[in-house]
Amino acid sequence: AKISQHPNYGFAQRDRDSWPTTRDCIDRRLARAFEMGEFVLHYQPQIDMVTGRIGGVEVLVRWLDSERGLVYPSQFMPVAERTGLIIAIGRWIIQEACRQVAVWRREGHDSLPVAINVSAMEFHHPHFVPFVREVLHETGIDPSDLELEFTESVLMHEPELSMTHLQQLRDIGVRLAMDDFGSGESSLRYLNRFPIDTLKIDKCLMEGVTADPATSVVLRSLVAMGKDLKRRLVAEGVETAHQLGFVQTQLFDVAQGFRFGYPQTSEDFSRLLEKEH
Ligand code: C2E
Ligand code: CA
Ligand code: CA
Ligand code: CA
């Protein structure tokens, strides 16, 4: 009797009971959303800093929920990773993105490499590399028109297996990028060991670029290192004129950010390509 009079008792009890049901519910909802085809891919332009034209595109997944509208990956990818649904979603993303690139190719656009984010569970799956090979074959796109992006934490999660898969992908001719380079999570220890073509400098570092050149010391040394290692350098999160100026003076190869274009539907992206033509 004493316990039930405790002001928190009822609440704590209810909370504990309802948690697994809630989690189950979210898991099922996401799986259902995927089955129902509620996921969409958005495409963000990557600007070739030499030509000033669209030189590639990064694919970003969204969930178009009937109640909530556009839901961003930070809201559902952790769930997909926990339940393993990421394997199916990831495959769909790679297939869909490669098909889209094939369509743009057929419409007469120059080669438009597509960059796809890959999470740890997907990448370390034993069928990942054969699957990529299969999709390239099926869509007929050039392996060098596919770039796979990994964060360092993905690679470091299983360094040996990562190395094996990276080498296999490289043998196929797929391009490999290190995402979020220079973010808190990245260490420089393995940079030289992994066969990576591209370094995508984290947008948090880009945020620090202001009129004052002293603010970007770290960024400038990362760029120098990337150049030394002969990696392709991509700046992400470019929004302001200052940032663009920095990217130009530091001779980045590619820039990406709201300044050049938002992630958008394939239809909108097609129009963007037409306009540039
Ligand atoms: P990320 O790969 O680092 O993607 C860049 C994020 O920055 C995207 O957020 C993009 O919309 C946003 N962004 C682009 N330009 C700018 C800019 O100028 N300023 C700012 N502030 N942000 C910009 P998004 O789409 O919400 O994706 C977040 C993260 O979710 C991605 O980070 C990536 O790690 C993950 N993700 C997105 N799509 C996929 C996917 O298809 N597969 C997997 N495995 N992960 C994905
Ligand atoms: Ca990325
Ligand atoms: Ca990134
Ligand atoms: Ca990120």
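Just so it is clear, none of the values below were taken in a lab; they were calculated from the coordinates. Note that this is a predicted model, so its numbers are computed, not measured. Because the Cβ atoms are built from the backbone with ideal geometry, glycine has one as well, and the counts that use them run over all protein chains shown.
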Using only the alpha carbons, work out the radius of gyration and Dmax of the range 212-259 in angstrom. 10.4, 28
I want to verify the translational diffusion coefficient of the range 176-228 in µm²/s; compute it with Stokes-Einstein, Rh as the Kirkwood radius over Cα pairs, at 37 °C and 0.692 mPa s. 281
In nm, give the distance between the simple-model label positions of Tyr262 and Glu138, each being 7 Å from the Cα along the Cα-to-Cβ direction. 3.2
Treating every alpha carbon of the range 51-153 as one equal point scatterer without solvent, the Debye formula yields log10 I(q)/I(0) values at q = 0.18, 0.21, 0.22, 0.24 Å⁻¹ of -0.93, -1.16, -1.22, -1.34
Considering the convex hull of the alpha carbon atoms of the chain, report its projected area averaged over all viewing directions, in nm², one decimal. 19.1
So the angle from the long Cα axis of helix 159-172 to the longest Cα principal axis of the chain, reported in degrees to the nearest 10, equals 50
Rg and Dmax of the range 175-277 over Cα atoms: what are they, in angstrom? 14.6, 43
For labels at Arg82 and Arg271 in the simple 7 Å Cα→Cβ model, what's the distance in nm? 3.8
Note the count of lysine pairs whose C-alpha atoms are less than 24 angstrom apart in the chain, limited to pairs 8 or more residues apart or on different chains. 4
Using θ = phi - 60° and the Karplus curve 6.51 cos²θ - 1.76 cosθ + 1.60, what whole-Hz ³J(HN,Hα) does each residue of the range 135-149 get, with Gly and Pro shown as x? 5, 4, 5, 5, 8, x, 7, 5, x, 6, 8, 10, 10, 9, 10
Listed residues Arg220, Arg232, Arg23, most fluctuating in the chain (Gaussian network, C-alpha, under 10 Å): Arg23
Three principal axis lengths of the range 71-217 [C-alpha, angstrom, descending]: 49, 37, 35
In the neighbourhood of Val129 defined by beta carbon distances under 12 Å, the net charge of the other residues (Lys, Arg +1; Asp, Glu -1) is -1
Given a Förster radius of 45 Å and the C-beta distance between Thr164 and His109 as r, what FRET efficiency does 1/(1 + (r/R0)^6) yield to the nearest 0.05? 0.85
To the nearest 20 debye, the chain has a Cα-centred charge dipole, built from +1 on Lys and Arg Cβ and -1 on Asp and Glu Cβ, of 420
Just from its helices, what would the mean residue ellipticity at 222 nm be for the chain, if runs of 4 or more DSSP H residues each count -39500 (n - 2.57) and the sum is divided by every residue, rounded to the nearest 500 deg cm²/dmol? -15000 deg cm²/dmol
Over the chain, what is the relative contact order in percent, taking alpha-carbon pairs closer than 8 angstrom and at least six residues apart? 18
Of all DSSP beta bridges having both residues in the range 23-151, the percent classed as antiparallel (nearest 5) is 65
Can you tell me the order of 109-115, 157-163 when each peptide is scored by its average per-residue count of other Cβ atoms within 10 angstrom, highest first? 109-115, 157-163
When all Cα-Cα pair distances of the range 107-167 are considered, the percent exceeding 18 Å is 38
Would you mind telling me which residue in Gln168, Gln75, Gln100 has the biggest mean-square fluctuation in a Gaussian network model of the chain, where springs connect alpha carbons within a distance under 10 angstrom? Gln75
Peptides ranked, highest mean first, by Cβ atoms within 10 Å: ranges 45-55, 192-202: 192-202, 45-55
